Structure formats: structure tokens, C-alpha cells
Amino acid sequence: MALRQRFNLMAGTLMIGLVAFGAILSFVWLPHDPNALDFSSQLSGPSRSYWLGTDHFGRDLFSRLLVGARGTLYVGFIAVGIALGIGGAIGAVAGFLGSIADEVLMRIIDVLYAFPAILMALLLAAIFQPGTLTAMSAIGLATVPIFARLTRSSVLTIKARDYVEAGRALGAGHARLLTRHILPGALSPLIVQSSLSLAVAVLAEAALSFLGLGTPPDVPSWGNMLREAQGFLIMSPYPALVPGFAIMLTVLGWSLLGDGLRDALDPRTRRS
Amino acid sequence: MFTFIVRRFFSALISIVLASMLVFSALLAVPGDPAEIILGLNASPEALAALREKLGLTVPAPQRYLNWLTGIVRGDLGESLNYQKDVSELIIDRLAVSVPLALGAALIACFIALPLGILAALKRNTFLDPLVTAISQVGAAIPSFWLGLMLILFFAVELRWLPAGGYVPWERDPLGTLRSLLLPIIALGLGQAAVMTRMTRASMIEVLNQDYIRTAKAKGLSGRRVVMIHGLRNALVTLITILGLSLTNVFIGSIIIEQVFALPGLGRLALIAIGTRDFPLLQGEILVYAGTIVFLSFLVDISYGFLDPTIRYA
């Protein structure tokens with residue numbers, strides 16, 4: 001693997017590792033209670049007591065950042081899990097069965113393309129009220145078409161291969177052909193896409209929380225922190241800088257990891 | 001070509017009808033009585049009955065959907081409960097903010113991304129390519145709403161060159177409108193530029209690796225001619241897709257940016273509709289957004305047909 005491609009994989013792993021470490025650390029250790037108010041040091045800059053400064057209630061930004069990392073990873077994983085599960089299943093069935101099933105399923109998928117995460121979140125927020133679950137489902141459903149199309153195209157390619165024919169000739173049923181012979185071959189593009197979709201999901205989650213359509217205000221999340229910081233920009237930049245950098249780092253991490261994985265798993269990009 | 005356009009048009013139409021079904025049935029799934037949700041539990045039975053009548057809840061759902069759909073065809077999206085005005089009128093008013101915002105952002109993105117992406121692809125073996133790639137990778141990771149806050153901090157709070165938010169209507173002061181839209185356009189456009197740069201670079205590299213480019217070079221054409229005539233023209237199909245995609249992205253991204261800069265656009269109207277449980281308004285808004293996305297992808301499909309005959313006759 002070329003140096004640059006190895007760099008992507010390593011840098012991505014390092015960034016996501018750092019975020020994951022912060023999230024895990026927040027369960028066992030936090031410098032301050034993330035919700036503890038300290039009116040004697042509101043909107044203060046970094047200090048020995050508050051490493052990254054405080055927000056307008058004097059709450060420790062570093063502690064809130066660590067707790068926010070949990071939600072970012074959690075929402076991202078669940079959302080991409082929903083997309084991978086539903087999209088993968090629809091794509092696999094459409095590609096495998098073909099004909100009318102393919103037509104109908106792909107038509108439904110095309111309609112979902114018209115509903116990006118924010119639009120889906122608006123729709124779901126009207127039905128179920130805004131919240132973490134709504135945001136996760138919205139991001140997941142909006143990502144379904146990408147996974148459906150990807151799985152379908154992989155399945156279409158693989159099902160024409162000789163070893164699948166051989167499996168069929170030996171009497172393997174539909175389910176066995178799909179799960180044992182076809183899907184394992186379709187796995188690597190899905191892994192790459194999962195990482196890239198996680199980057200998009202992190203951005204979407206932050207955006208939805210920023211709009212008040214995601215994580216509820218009483219739970220520290222990076223999007224919430226930014227929304228609250230907006231009103232106090234003139235007085236202190238830290239409450240906006242800290243979560244913004246964290247979001248950027250995480251998104252960059254997932255997309256570098258996705259690029260690196262693609263280079264590692266796909267021999268064609270490795271050669272070029 | 002005509003058959004191709006007609007076929008694509010009907011395909012887009014079916015998508016819009018299906019999208020309208022999805023929007024309608026989603027709001028049908030709102031648990032409880034919509035009239036009670038809107039007016040609260042203490043509302044009088046008369047007020048509830050009147051609102052149910054106004055919302056059309058007295059007729060069966062399929063009939064209601066058909067009424068709504070025929071209304072849409074006539075340009076009538078119903079009446080907003082909160083504003084007591086036609087939904088279509090409210091939406092058209094807000095488009096004066098959202099459309100220039102989205103178009104401006106897409107324009108900025110194109111101006112930055114196309115030359116940068118092509119340059120990076122052409123200079124693959126120099127320091128320029130990794131530099132452009134790194135910048136665009138970081139740029140794509142920056143949330144537009146955070147960039148918006150940072151721009152406010154620098155250009156509005158520190159330098160005091162531009163307003164931190166708010167909106168001046170076109171008819172009152174066009175220059176003021178441009179000033180109030182400039183930072184939002186940059187916030188929305190830069191991130192999109194980063195995404196587009198990567199895509200442009202990738203599609204250009206793919207084209208430049210084709211055999212016909214080698215042939216063109218081998219027969220002695222100048223570098224510029226090879227790039228402009230043989231490279232760019234063939235990359236155009238992908239570039240049009242990228243453009244369509246980014247128009248969709250900035251249109252949807254404007255929902256967040258309008259919130260950052262307190263712009264009275266379509267996105268803020270949608271958030272108000274959620275907050276006030278204004279279902280007719282929300283329904284209309286979501287359909288307009290989804291319809292625009294379908295329409296943009298229809299335009300992209302059509303331009304494919306013009307640019308690439310193999311797609312037209314497939």
C-alpha cells in the first residue's frame with residue numbers, strides 16, 4: 001500500500017480511536033460534573049481547573065465534550081446500522097430476485113432519495129416529537145438508499161459468477177446462495193461505505209441537535225453545545241470552538257478511515 | 001430525445017406522487033387527534049369540531065389525500081393554521097431568501113471546486129494534488145453551521161464588516177440583502193466546494209486515464225486541447241451529476257444556515273411549523289423540498305441525454 005493510503009487508514013483510526021477513548025473515559029472519569037453550574041466562572045477560557053474553558057452556565061466544556069462523544073458515536077452507529085440492515089436487505093433481495101421485485105423495491109428507494117436526513121427528521125419530528133430516537137431513525141432511513149443501491153449492484157455482479165452457478169447446480173437454495181455465496185463477497189464495499197456514512201451521520205446528528213431536532217437540550221451533545229454557544233459568541237469563542245473542532249475531527253476521522261479501508265480492501269484503487 | 005425526456009418526466013412524476021403519499025401518510029400517523037394536539041386538551045368541543053372541519057378531518061383519509069393532491073396541481077397547498085395564510089403564498093415569500101442563498105452557495109462552490117479539482121487531477125505528481133486533496137478533505141469535515149458561527153465571529157464581531165444575522169428585503173435595499181446573504185452563502189458554499197473538489201478531481205482522473213486521452217496525446221495534440229476537448233467534455237457527464245447533487249445539498253443545507261444567520265427562509269418556516277404543530281404548512285414545505293430534489297435529479301437526467309447519446313438510447 002502506498003504511503004498516502006496507509007496514512008489515511010492510520011490517521012483515521014487514530015482520530016476515531018481518540019473520540020472512542022474520550023467516550024469510554026467519560027464513563028469512568030470526568031474532571032467535573034458536566035451539568036454542574038459554576039456562576040463564578042461563566043464563559044471563562046482554558047485554565048488549570050477548566051482545561052477547555054466553561055460555557056455560559058460555568059459548566060466544564062471538557063467534561064461536556066467527553067460525554068458528547070458518547071452520543072455522537074452511539075447515534076452514528078445506530079443510524080448506520082439501520083441503513084445497513086434495511087438498505088442491505090432491500091438491495092440484496094432486489095438484486096437477487098430481479099424482475100418485478102427489483103423494479104418495485106428500487107422505485108421505493110428512489111423516493112427515499114428525495115428525503116435527506118434533515119427532511120426526514122422534520123417529518124419524523126412531526127409524528128414522534130424531536131429527540132435522539134427520531135434523529136437516529138431519520139439519519140438511518142435517509143441513508144438506506146445508498147446501502148440498497150450498493151448492495152444491489154454488488155449482488156448483481158456476484159450472482160453472475162461461476163462459483164454461484166456451481167452452488168446453484170449443487171442444489172443450494174435461494175437463502176443459502178444469498179447468505180453463503182453472494183453476500184460475503186459484497187461485504188467489503190459495505191464496510192467502506194459504513195465508515196463514510198458514519199462521517200455523514202455525525203454531521204447530520206450535530207446539525208439536527210443544533211436545530212433542536214436531535215438530542216434533547218438536557219443531555220450534553222456537540223450539536224447542543226454549539227446551539228447554546230451561538231448566543232454568547234461575542235463574550236467567549238470557546239463554547240463554540242470546542243465542539244466544532246470535535247465534530248470536525250470525528251467526521252474527518254471516519255472519512256479518512258473509509259478512504260483508507262477502500263484502498264486496503266479494493267485492489268483496483270491500491271494499484272492506481 | 002423527445003421519448004427520453006417524456007420517459008424521464010413520467011418517472012419523476014411518479015416519484016413526486018409517491019413522495020406526496022409518504023408525506024401525507026406520515027402526518028396521518030401522528031398519534032391522537034390532530035385538532036386536539038394543535039389546540040390542546042382544554043379546547044372547547046366547538047373549537048375542536050371547527051378545526052377538524054378546517055383540516056378536512058371529517059372526510060376519510062383517501063379522499064383527503066386526493067383533495068390535497070388536486071389542490072397541489074392547482075398550486076393550492078392548503079392554509080397555514082399558524083399564519084392564517086395560504087401555504088403556497090408563505091412558501092413563495094420565503095423562496096426570495098432561500099433560492100438566492102442556495103444558488104449563491106452553489107455558484108461559489110462551482111467557482112472554487114471545478115478549477116481546483118481539475119488542477120489537482122492534472123498535477124497528480126506534484127505537491128499540488130496532495131495539498132488540494134488534504135484541504136478538501138478537511139473542508140468537507142467542517143460543519144457548515146459551525147463555519148457560519150466562525151464567520152460571524154470574525155467578520156461580524158471582530159471586523160464588523162458584515163451583519164451577524166438578520167435579513168433586509170430585496171425591495172427595501174438590494175445591497176443590504178446582498179450584505180446579509182454574503183456570510184451565509186460563503187458558509188454554505190465553502191463546505192460544498194470541498195465536497196465538489198474531491199468529486200471533480202476523481203472524475204477528471206478517471207477520464208484522463210482513458211485510452212482516447214492517450215491517443216489524443218499520441219497524435220500530437222497540445223496539452224490544453226487534450227484537457228479541454230477530450231478530457232473536460234467527457235468528464236462533463238459526471239460534473240453535471242456533481243452539480244445537481246450539490247444544488248440539492250445546498251438547498252437542504254440552507255435549512256441549517258438560515259437558523260444560524262436568523263434568515264427568514266423556507267427552512268426557518270419549517271422549524272416554526274414543527275414548533276407550532278402547523279401540519280398543513282409542514283406538509284406543504286416538506287413536499288416542496290422533496291419535489292425540488294426530484295426535479296433537480298430530473299434535470300440532471302435530461303442533461304445526461306443531451307451530453308451522452310449512449311444514455312439517451314439505452
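Counting heavy atoms of the protein chains only and a 1.4 Å probe, report the per residue accessible area for region B:231-314 as a whole number of Å². Heavy-atom SASA per residue in region B:231-314 reads 34 Å². Considering only A:GLY231, A:GLY223, A:GLY88, the mean-square fluctuation computed in a Gaussian network model of chain A, springs between alpha carbons under 10 angstrom, is largest for A:GLY231. Calculated mean residue ellipticity at 222 nm for the protein assembly as shown: -24500 deg cm²/dmol, from DSSP H runs with n ≥ 4 weighted as -39500 (n - 2.57), summed, divided by the residue count and rounded to 500. Computed extension length for B:PHE306-B:PHE2: 108.4 nm, one decimal, from 0.36 nm per residue of separation with the Cα-Cα distance subtracted.
Chains B and A together bury roughly 3700 Å² of accessible area, counting both sides, with a 1.4 Å probe on protein heavy atoms only. When each full DSSP H helix of chain B is screened for a Cα extent of at least 24 Å along its own axis and an average Kyte-Doolittle hydropathy of at least -0.5, the helices passing are B:2-28, B:87-122, B:174-208, B:233-260, B:279-307.
What residues of region B:276-300 lose no less than 10 Å² of accessible area with every protein chain in place versus their chain by itself (probe 1.4 Å, heavy atoms only)? Flagged in region B:276-300: B:ARG277, B:LEU282, B:ILE286, B:TYR289, B:ALA290, B:ILE293, B:VAL294. Shape of region A:1-59 from the C-alpha gyration tensor: prolate (a/c of 1.5 or more and a/b above b/c, with a ≥ b ≥ c the square roots of its eigenvalues). Based on Cα atoms of chain A, Rg over Rh with Rh as the Kirkwood radius reads 1.07. When you filter the trypsin sites (Lys or Arg not before Pro) in region A:4-73 for DSSP loop state and at most 10 other Cβ atoms inside 10 Å of their Cβ, you are left with A:ARG48.
Taking amide H positions as modeled 1.01 Å from N, with prolines and chain starts lacking one, the residues under 5 Å from B:GLU79 and 5 or more places away or on another chain are B:VAL87. Two tests apply to each whole DSSP H helix in chain A, Cα reach of 30 Å or more along its axis and mean Kyte-Doolittle hydropathy of at least 0.0, and the ones passing both are A:3-28, A:61-97, A:132-159, A:183-211, A:238-265. Kindly identify chain B as rounded, prolate or oblate by the Cα gyration tensor criterion: order the square roots of the eigenvalues as a ≥ b ≥ c, call it rounded if a/c is under 1.5, otherwise compare a/b with b/c, prolate if a/b is larger, else oblate. Oblate, because a/c is 1.5 or more while a/b does not exceed b/c.
Our note on the geometry: Cα centres of region B:162-191 and region A:85-100, 46 Å apart. Straight-line reach from B:LYS219: taking Cα to Cα under 17 Å and skipping same-chain neighbours fewer than 8 places apart, the aspartates and glutamates in range are B:ASP211. Computed with a 1.4 Å probe on the full set of protein chains, the accessible area for A:HIS32 sits at about 50 Å². Rounded, prolate or oblate, given the Cα gyration tensor of the protein assembly as shown, with a/c below 1.5 counting as rounded? It comes out rounded by the Cα gyration axes. Annotation: per residue accessible area for chain A equals 44 Å², rounded to a whole number [probe 1.4 Å, protein chains only]. For region A:133-208 and region B:238-314, what is the centre-to-centre distance using only Cα atoms, to the nearest Å? One Cα centre to the other: 26 Å. Residue separation of B:TYR83 and B:ALA49 scaled by 0.36 nm, minus their Cα-Cα distance, works out to 10.3 nm of gained length.
Extension gain, A:LEU18-A:PHE245: 0.36 nm per intervening residue step, less the Cα-Cα distance, totals 80.4 nm.
Listed by chain and number, the lysines whose C-alpha is less than 20 Å from the C-alpha of B:LYS217, apart from same-chain residues fewer than 8 away, are B:LYS123.
The values are calculated or read from the model by the stated rules, or taken from the named source; none is laboratory data. These numbers come from a predicted model, not from an experiment. Note that each Cβ is placed from the backbone with ideal geometry, even for glycine, and that neighbours are counted across all protein chains shown. For the accessible areas, the whole protein counts, side chains as well, though only heavy atoms, and no ligand, DNA or RNA atoms are used. Shrake-Rupley method; radii C 1.70, N 1.55, O 1.52, S 1.80 Å.
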